[in-house]
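First comes the structure, then the notes that go with it.
The values are calculated or read from the model by the stated rules, or taken from the named source; none is laboratory data. What you see is a predicted model; the values in this text were computed from it and never measured. Ideal geometry is used to build each Cβ from the backbone, glycine not excepted, and the neighbour counts take in all protein chains shown.
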Amino acid sequence: MDHLPEEEKASGGEVIDQVTRDAIRLAHDLLDRFPELVKRHKFLAGGAAISSSLVIIAAVAIAKRMRRGQTAQEAVADITEEELDTPKNDPRQKKNNSD
């Protein structure tokens with residue numbers, strides 16, 4: 001018999017590691033700077049939630065800057081709303097794709 005209250009039971013999802021947790025936290029810190037952008041990307045699923053694609057775009061933007069030598073805080077402060085709203089295409093993609 002399980003004696004844990006419902007709110008203390010595990011969700012059944014996988015436990016994330018510290019690096020992943022930090023990346024998600026930084027992405028949310030960045031998105032906190034742009035409430036209108038977040039508002040445009042929210043969807044309803046039993047309540048308001050930020051689009052996971054927006055969180056991923058934010059995390060990738062932070063990671064790119066950190067790979068260039070910025071600290072996490074510098075990266076979060078440096079990224080613009082426009083950069084998150086209209087991310088550039090991957091430069092490795094073909095420039096002229098007529099298909």
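Specify which of the listed residues (I62, I56, I16) is modelled with pLDDT under 80 and either surrounded by 10 or more Cβ atoms within 10 Å (Cβ to Cβ) or out of contact with any helix residue (DSSP H, G or I) (no Cβ under 9 Å at 6 or more places or on another chain) (or both).
I16
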Please state which of the following conditions R25 fails to meet, knowing it meets all the rest: (1) at pLDDT 85 or above; (2) in contact with a helix residue (DSSP H, G or I) (Cβ under 9 Å, 6 or more places away or on another chain). (2)
